[in-house]
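Input: a single structure, listed below in structure tokens.
The values are calculated or read from the model by the stated rules, or taken from the named source; none is laboratory data. Computed from a predicted model, the values in this text were never measured in an experiment. For neighbour counting, all protein chains shown are included, and Cβ atoms are generated from backbone atoms with ideal geometry for every residue, glycine included.
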Amino acid sequence: MKADFQFTLNGKPQRISAEARRTLLEVLREDLDLTGTKFGCGEGQCRACTVLLDGNPVRSCQTEIAEVEGRNVETIEGLAQNGKLHPVQEAFVKEGAMQCGYCVPGMILATVALLKRNPTPNQTQIVEALNGNICRCCGYVNVFKAVQRAAQPGKEAQ
Ligand code: FES
Ligand code: FES
């Protein structure tokens, strides 16, 4: 049975009628056409589906739509402002931190959350924060450089 849900999506109020047990990932991609959030495994194993819920990274394939009622959801589509990429997006582009790009929205959102709680992470903290975001193309080296670049925008990544 369908119910109405309201939450904030990328800074704007969102209202949707959906089955309470559908996942946030399904609703984003299928109902709202926000396909930047990726379906990887659908089983909680890859984090391609990462979005921010109240600022924290969550796996949207494991989050029922009912759980987001009244809360704040941010997806990759919400990061760029006024046609300008978010600094973390820019850092990923500058470091070429992608091959097929499928894992990148999740990596970027996990990085945004990391830098918010720790603006100057060391390498170990970066690896820990992105541990679980699986890249099937093995692009981790440039991803870690991109996170360093985003954390220190004035400096070249080492
Ligand atoms: S699609 Fe959600 S963890 Fe893989
Ligand atoms: S760039 Fe292809 S999955 Fe990461």
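At-a-glance table
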| item | result |
| --- | --- |
| Unmet requirement for residue 25, which otherwise passes all of (1) surrounded by fewer than 21 Cβ atoms within 10 Å (Cβ to Cβ); (2) outside the structural domain of residue 139 (by TED's automatic domain parsing); (3) more than 15 Å from ligand 2 (Cβ to nearest atom) | (1) |
| Residues (surrounded by 14 or more Cβ atoms within 10 Å (Cβ to Cβ), away from ligand 1 (no atom under 16 Å from the Cβ) and not charged (D, E, K, R)) located in region 70-83 | 72, 78, 79 |
| Complete set of residues in region 60-74 that are touching a residue at least 60 places away in the same chain (Cβ under 8 Å) and either over 14 Å from the mean Cα position of the chain (by Cα) or not assigned by TED's automatic domain parsing to the domain that holds residue 42 (or both) | 65, 66, 68, 69, 70, 71 |
| Every residue from region 84-136 that is out of contact with any helix residue (DSSP H, G or I) (no Cβ under 6 Å at 6 or more places or on another chain), in a loop (DSSP other than H, G, I, E, B) and within 16 Å of ligand 1 (Cβ to nearest atom) | 100, 101, 102, 103, 131, 132, 134, 135, 136 |
| Some residue of region 104-117 being in contact with a Pro (Cβ under 8 Å, 6 or more places away or on another chain) and outside the structural domain of residue 131 (by TED's automatic domain parsing) | no |
